[in-house]
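First up is the structure itself, then whatever we jot down about it.
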Amino acid sequence: MAKAQMLFPADFRWGTATAAYQVEGHNTNSDWWLWEQGHILQNQRSGIACNWWANAESDLDAAADMGTNAHRLSLEWSRIEPEPSVFDDHALDRYRQILQAMHNRGIEPMVTLHHFSNPLWLVEKGDFNRQIVVEYFQRYVSKVADVLGDLIPKWITINEPMVYIFARYLGGVFPAPQQMGLRAGLEAAKHMLMCHAAAYEVIKTKYPEAEVGYAKNIPILEAKPGSSFVSKWWTRRMDSLFNGMWLDAVADGRMRTFLGSTKIKGLAGSYDFIGINYYTRFYLRFPPPKTFFETEWTPEAVVSDGNYGEVYPAGLYRAIQRVLKYNKPLYITENGVPDAADRLRPSFLLTHLREIWRAVSFCYPVMGYYHWSLIDNFEWDRGWTQRFGLIELDPATQARHLRRSGELYSKICYRRGISSDMAEQYAPELMATMFPGESPQKVIG
Ligand code: FCB
């Protein structure tokens, strides 16, 4: 028997998350397919990825066996609308099958409409550089709502808009747009806000009961301890651009940047919940290094594979606190760690879920947790070099293996919470700080 338990409400969603391009395989009509040639670490390719287009069902079986009751997935626009206005019934049928398969297994779908990838035809038309994208997006969303809407209780319009803008318009690591640079990026962000508002309206008109939100990556951005006044000022500016702008705009309908303030029609209040994607804290400094973020951490920091970032659980609590002022239900729509050897993930799960438990215990409205990811998948520009899965995948043989952290997450889902016996078994190094009464020599003040 566990001596201490941190239990969650009975209706809390225990989920996992994936995105279409990363798991389906052979998305040949997508801009990423083209971009893969020459732009991925070690020249890797997505290939058949996790083979979900042919067989998502067996991984959904595994998700159900693990005791999860929710999953966040995305739709590949380029499959559904391979040519402008030409919708592929076969693709829509396949998505119906997958969504139905989730319902049959007691897994509630949360569906993302745009997760980093575009149809090639849209890119030719300038995609988010041009305002016409709003009409195209509206047409696509309307079709999806008509054909699949009865199976979708929860929607995410756009995934991580600011990560997308930074990686694509400034960083150059995502498929190149027609115009790059900060000005073009902010114009694209405006068009994304418009797309969000249009999608919200389309879905809510057809399905007033549906819950519709967006997924915002909310990293903790800080000036490194001891940095200059200018670096602190710069960090605040970056934080309001990266984090604050989108959150505020969807709340009050105004996009505010250093270029000015624009009112966007239909945007104010166009959301039923906020999806928080949380991974890490970044240090910033001015002038910024080439990588934009600092890649050096304090000596005590625990850093995940490929220098991806510091493990910083308190940041999740801070991200939750930050958005309480918007007065909306919250879902943690992504949270995870690249960790091929599964050295960090067990304790990562326990420490991050403890932060959510703290929030829930204060009656903060966190309604669910979607771990990124159910299975190792194609990690964009970093290819297969970063492994986020609770299930390990060998992309060459397609062999799967449940990691120890997957076993732990399964216990968490069945128990609906975390406990001292889990820490003892899966991450004993946490005992002294998380359950200090078990090691009497350590007293936490
Ligand atoms: C997020 C993305 C997701 C995945 C994780 C690791 O930024 O939304 O697709 O790449 O990071």
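Determine, from the Cβ-Cβ distance of Thr205 and Asn104 and an R0 of 30 Å, the FRET efficiency 1/(1 + (r/R0)^6), rounded to the nearest 0.05. Calculated value: 0.60. Cα centroid separation, region 288-366 to region 1-32: 15 Å. Say we join alpha carbon atoms closer than 10 Å with springs in a Gaussian network model of the chain; which of Thr205, Thr298, Thr18 then has the biggest fluctuation? Residue with maximal mean-square fluctuation among Thr205, Thr298, Thr18: Thr298. Each other residue within a Cβ distance under 13 Å of Tyr207 adds +1 if Lys or Arg and -1 if Asp or Glu, for a net charge of -3. For region 7-415, the square roots a ≥ b ≥ c of the C-alpha gyration tensor eigenvalues yield an a/c under 1.5, which makes the shape rounded.
Taking amide H as placed 1.01 Å from N in the peptide plane, the amide H of Ala223 sits under 5 Å from that of Leu284, each at least 5 places away or on another chain.
Other residues with beta-carbon under 14 Å from the beta-carbon of Leu182 carry, at +1 per Lys or Arg and -1 per Asp or Glu, a net charge of +3.
Bridging of Lys125 to lysines at a Cα separation below 18 Å is possible for Lys190, once same-chain residues fewer than 8 apart are set aside. Taken as Cα centroids, region 392-438 and region 138-203 sit 34 Å apart, rounded to the nearest whole angstrom.
When the chain is treated as a Gaussian network with alpha carbon springs shorter than 10 Å, the biggest mean-square fluctuation among Arg79, Arg358, Arg45 belongs to Arg358. Extension gain, His401 to Asp252: 0.36 nm times the residue separation minus the Cα-Cα distance gives 49.0 nm. Once both labels are positioned 7 Å from their Cα atoms along Cα-to-Cβ, the gap between Ser85 and Asp11 label points is 4.4 nm. Dipole size of the chain about its Cα centre, with +1 on Lys/Arg Cβ and -1 on Asp/Glu Cβ: approximately 1520 debye, rounded to the nearest 20. For region 69-81, putting each phi into the Karplus relation 6.51 cos²θ - 1.76 cosθ + 1.60 with θ = phi - 60° gives couplings of 10, 7, 8, 9, 10, 10, 9, 8, 3, 5, 7, 6, 10 Hz, in residue order, rounded to whole numbers and with x for Gly and Pro.
When the chain is treated as a Gaussian network with alpha carbon springs shorter than 10 Å, the biggest mean-square fluctuation among Trp33, Trp14, Trp233 belongs to Trp233. Note on Met180 and Trp233: their simple-model spin labels are 2.9 nm apart, each label 7 Å out from Cα toward Cβ.
Every read-out reported here was derived from the displayed coordinates using simple, explicitly stated rules and does not represent laboratory data. What you see is a predicted model; the values in this text were computed from it and never measured. When we count neighbours, we look across all protein chains shown, and the Cβ atoms used for this are built from the backbone with ideal geometry, even at glycine.
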